[in-house]
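One structure below.
The values are calculated or read from the model by the stated rules, or taken from the named source; none is laboratory data. Values in this document were obtained by computation on a predicted structure and should not be read as measured data. Virtual Cβ from ideal backbone geometry, glycine too; neighbours counted across all protein chains shown.
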Amino acid sequence: MTAATTDMVVTIDDTIRAEPELFRAAESATRYLDEQLARHPEVFGDDRALTWQYQREHLDGPRVAVLDSEADALGHRSQQRWLQPGELLDPTHRDVQMLRLFQDVLGQRWRQQDAITQAHLRALDAEE
């Protein structure tokens, strides 16, 4: 199921939705991440997508993936964070992980912008 926030489309898989505590934690984490993204509208466009997935079969036990799934100009997709369900339920740990995801996304955007800038500089050098 998909829900729209101010800056992104969020998809939360049915396994997470079926567990009320996990669902509320995912919603809370999404709001926190959305607030971080909203502070930098010049960097993050409106076409944001966030996916919450539950992976029951992982060797370390069940994990929840948070995926930022917008492709950059180089075609790279998604920054991700894997959390144990207990980590998602801990508000402090959850917010730290969302902040780290935000930093990863910001770094991806910076690399994308740097590649564009470098291409422009090479084009200017070629014109001289």
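A few comments on the model shown:
- Checking each residue in region 68-111 for being modelled with pLDDT of 80 or more and either touching a His at 6+ places or on another chain (Cβ under 6 Å) or among the aliphatic types (A, V, I, L, M) (or both) picks out LEU83, GLU87, LEU88, LEU89, VAL96, MET98, LEU99, LEU101.
- Across region 1-53, the number of residues qualifying as of a type in the set (D, E, K, R) and modelled with pLDDT under 80 comes to 6.
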